[in-house]
Each structure stands twice: as structure tokens, then as C-alpha cells.
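The next block holds one structure in the form of C-alpha cells; read it before the comments.
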Amino acid sequence: MRIAVVTPSYPNSAEPYRGIFNYRRARALARHAEVEVFCTVSTYPKWLKPRVRMYSEVDPAYTTPGMMAHYIAYPAIPGVTRPLNAWTCARHLLPALREFRPDAIVAYWIFPDGLAAVIGGKKLDIPVVVQTMGSDLRTLPDAISSRLAARTVRAADFVLAVSNDLRDLAVRMGASRECTRTIHNGCDPSVFYLSDRAAARAELGVAADAQLVLFVGRLADVKGIGELIAAAGQLAPSHPKLRVVCIGEGVMEAELRAKITNPALIDFAGRKTPEEIARWMAACDVLCLPSYSEGCPNVLLEALFCGRPVVASNVGGIPELVDENCAILVPPRDSAALARGLSDALARGWDAPAIATHYGRTWDDVGRETFEVCESVITARANR
């Protein structure tokens, strides 16, 4: 079986860890079929760049270990061409798909890239599976995008979701429940696993008695990083050993740095490799994920695999992944509640080995389940 994976979120020359979960997902699927990745890249005029995320030119010759990846560029103007982007993307994507001749397309993102995959699948008369990841359905920017996203989930042969919450949303938008399935994300146990906190702290230069809170993610408003900075400020007087380390990059970094009145309290550590993130997880007391919206956040799963508790917003698919033995959930956009949750988490004695075995799903599970769906849609198309 030949499967084309279409996604805008995938490692590239400018951001080698962007969408790394999709790389792992594709690698796992490739254990069952011949898989090639088609990473769709919107390109903008040099005088006009998007404001909501970092943007750099992508080298089309870039590759990822063990996976054939093609970078398909298509022109766009932020905001202006949004209603047309799916058709423009499909026009540039279709020649590459024709050359690969897949039996099915799996698109990791609903709009515009998932709709582009649906358009391409119709042209090639092959089934298309689309997968919603979270913000592609939860935080659509306007009514036109919402209508086109709904059109995508209705027109696709099958809709996957990384959480039951997103699956229900896709159904409300018009997807058939019989043609939907939740496939929660996995984790790589060769990178993320329970290890000694003291050794990790010595390696990273973290004080043995520090109360270390770790954040990993984009430095973007939707991740609730502003609330984390405010909560840390509220906790500092009663927690003199508190230290917050933020791993990641984003358009808000300069703005966030300007909000910090105590530079010793919060560190911005920048981009890190997965292996480096795993060491910081081993070193921390608690991972904090104060997002406003989430699907199935990989960073949360990675913390659990490392045996570390989580303080997170009670949003999206997060409640499906944790219980009171490994997490404290708080309302989003509430720095005072977040401060209380962090204080409680830092004061509590957690069972690290039990947390490390709480979840257990790997990317192999994800690849096998996705392949089962691909087999079913191909068979259904052949029997029409």
C-alpha cells in the first residue's frame, strides 16, 4: 500500500523540530505501508509576513531521517488569500501526488491543507483520511475558514481526531460519526523515560533544592505563557526556591521578556532537541501547560513518560489523558488558579514510577491504528 501524508506541520530546514510528532506518526505508519510526506508550505511576499507565527524560507532539499519528504510551496498573502488557499495548495500539490500514485492520502491538518488533500483525492479518485490536531478546528480565524473546515470533514472519506473532544466537534461540524475515530497520540519511550532527577539537575546546572517548573511549547498567547509568568510572580514571595524554565520559541518572546520583573525567576531557554527536553523533564518538579486550547498535547505525554506530574488547563483533550494521580487541572486564563495549582503540585509527594506507567501508548500504536483506517477506506472505495 502506498500512502501520501499531507501536512503543513513537519520538520523543515528553518524549524527542524516543527511538527516532530507528525514525523513520528509518519514513521510509525511507514512500518505498515510505503509512505511519503508532502509538506505544504505557504510562501509570502518578502514585504508581508504573518504575525501569528515565526516564518522563514524553507529549503526544498531538506530531508528527515528515514522518511521521503517533499516540500510543496504555494503562494499566499496572510489573511487575504485564506478563502482560496486550499485550491491554490491543491494545484501545486497535485503533480507531486500524481507522480507518487498513492492508494490513499492521509492529511494531518484540516484547513486549508486537509481540504487541498480532499480536492486532490477527488481528482485522483482515491480515498482521503483527514486528521484534526486541535487548533485546526478549535481556533479557526473567521467564518469562511469555519465553513471550509466543515466542508473538509464532511467530504473526507474518514476523519481521525487526536481526542474524543475533537472527534465530537468534527461530528457537530458535519462528519459522520461512523466515519470518525479517535487515535490519541503516542510517545517515544527511547527518548522520554523515568530517570534520576538529581543527576539531571547536576548535568543542567540546576540547584538540588530548586522548585523547578518547566514549560515546553510555542511562545504564543494561546499557550497561556502570560498566565504562567503572572502565576510565578504571585508564587515567588512564598516560594523562594522557585525557578521557571521556558523551552521554545515564538513571536511573543520579546513581549514576554519585558513582563519579567525578576530575571532570576524565569529563564527562556530557547529551542531544544527532544533529548535535551527529556533531560529538563527529568530535572523538573512539575510540567506546566496553561494553554487556552489543546488537542492531545505531546509535551504532556512526554512528561508523564518521564514520571513528572503536570499542572495544566482543563481544556480540549487534556482531561482524557490524566487523572488526579498525575495531574492538577485548572481553568484556563486564570493566573491565580494556576498559581494555586502549581503550589499544590510543588507541595505534594508524587509517585514518579506510577506516573511513568500511567499512559503507555507509543507511536507504534498510532501507526497501526492509522493503517487499519487506511485499509478500511481503500476497501470501501473498491467495493463501491
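The values are calculated or read from the model by the stated rules, or taken from the named source; none is laboratory data. In this text, all values refer to a predicted model and were calculated from it rather than measured experimentally. Positions of Cβ are backbone-derived with ideal geometry, glycine not excepted, and every protein chain shown enters the neighbour counts.
Brief remarks on what is shown
- Looking across the range 209-234 at every residue that is surrounded by fewer than 20 Cβ atoms within 10 Å (Cβ to Cβ) and touching a helix residue (DSSP H, G or I) at 6+ places or on another chain (Cβ under 6 Å), the one that is nearest to Arg257 (Cα to Cα) is identified as Ala230.
- When the residues of the range 1-34 are filtered to those that are assigned to a helix (DSSP H, G or I) and of a type in the set (Phe, Trp, Tyr), the one that is farthest from Pro127 (Cα to Cα) is Phe21.
- Considering Val153, Val106, Val118, the condition of being in the same structural domain as Tyr17 (by TED's automatic domain parsing) and in a strand (DSSP E or B) is satisfied by Val106 alone.
- The range 340-351: number of residues that are aliphatic (A, V, I, L, M), farther than 10 Å from Pro309 by Cβ and over 25 Å from the mean Cα position of the chain (by Cα): 1
- Scanning the range 352-384 for residues that are closer than 16 Å to Val310 by Cα and more than 23 Å from the chain's Cα centre (by Cα), we see that the one that is surrounded by the most Cβ atoms within 10 Å (Cβ to Cβ) is Ala352.
- Filter pass, Val299 being out of contact with any helix residue (DSSP H, G or I) (no Cβ under 7 Å at 6 or more places or on another chain), closer than 27 Å to Asn164 by Cβ and of a type outside the set (Asp, Glu): yes
- Looking only at the range 82-103, and only at residues there that are in a loop (DSSP other than H, G, I, E, B) and out of contact with any helix residue (DSSP H, G or I) (no Cβ under 6 Å at 6 or more places or on another chain), the one that is surrounded by the most Cβ atoms within 10 Å (Cβ to Cβ): Pro102
- One residue stands out among those in the range 247-291 that are acidic (Asp, Glu) and touching a residue at least 60 places away in the same chain (Cβ under 8 Å): the one that is nearest to Asn22 (Cα to Cα), which is Glu275.
- Any hit, the range 58-81, residues being within 21 Å of the chain's Cα centre (by Cα), of a type in the set (A, V, I, L, M), farther than 30 Å from Arg177 by Cα and not in a strand (DSSP E or B): yes
- Residue count for the range 273-291 under the criterion of being part of a loop (DSSP other than H, G, I, E, B), farther than 12 Å from Val244 by Cα and out of contact with any Gly (no Cβ under 7 Å at 6 or more places or on another chain): the result is 1.
- A Cβ distance below 9 Å, combined with a sequence gap of six or more or placement on separate chains, defines the contacts here; from the range 138-154, residues that are touching a residue at least 40 places away in the same chain (Cβ under 8 Å) reach residues that are in a helix (DSSP H, G or I) and of a type in the set (Lys, Arg) in the pairs Pro141/Arg82; Asp142/Arg82; Ile144/Arg82; Ser145/Arg82; Leu148/Arg82.
- With respect to the conditions (1) farther than 20 Å from Ile20 by Cβ; (2) outside any helix (DSSP H, G or I); (3) touching a residue at least 40 places away in the same chain (Cβ under 8 Å), Glu294 falls short on a single one, namely (1).
- Restricting Asp188, Asp157, Asp142 to residues that are at pLDDT below 95 and in contact with a helix residue (DSSP H, G or I) (Cβ under 8 Å, 6 or more places away or on another chain) narrows the list to Asp142.
- Glu276 meets the stated requirement of being closer than 18 Å to Val206 by Cβ, of a type in the set (Asp, Glu) and surrounded by fewer than 23 Cβ atoms within 10 Å (Cβ to Cβ).
- Of the helices (runs of 4 or more DSSP H) that lie entirely inside the range 332-384, those containing 2 or more residues that are in the same structural domain as Val322 (by TED's automatic domain parsing), without any contact (Cβ under 8 Å) to a residue 24 or more places away in the chain and hydrophobic (A, V, I, L, M, F, W, C) span 335-347.
- Among the candidates Val41, Val37, the residue that is aliphatic (A, V, I, L, M), surrounded by fewer than 22 Cβ atoms within 10 Å (Cβ to Cβ) and in a strand (DSSP E or B) is uniquely Val41.
- Some residue of the range 303-314 being under 30 Å from Pro102 (Cβ atoms), at pLDDT 95 or above and not in a loop (DSSP other than H, G, I, E, B): no
- Complete set of residues in the range 168-202 that are among the small types (Gly, Ala, Ser) and surrounded by fewer than 18 Cβ atoms within 10 Å (Cβ to Cβ): Gly174, Ser176, Ser190, Ser195, Ala198, Ala199, Ala202
- Test: residue in the range 139-150 that is within 30 Å of His358 (Cα to Cα) and either surrounded by fewer than 24 Cβ atoms within 10 Å (Cβ to Cβ) or touching a Leu at 6+ places or on another chain (Cβ under 8 Å) (or both): yes
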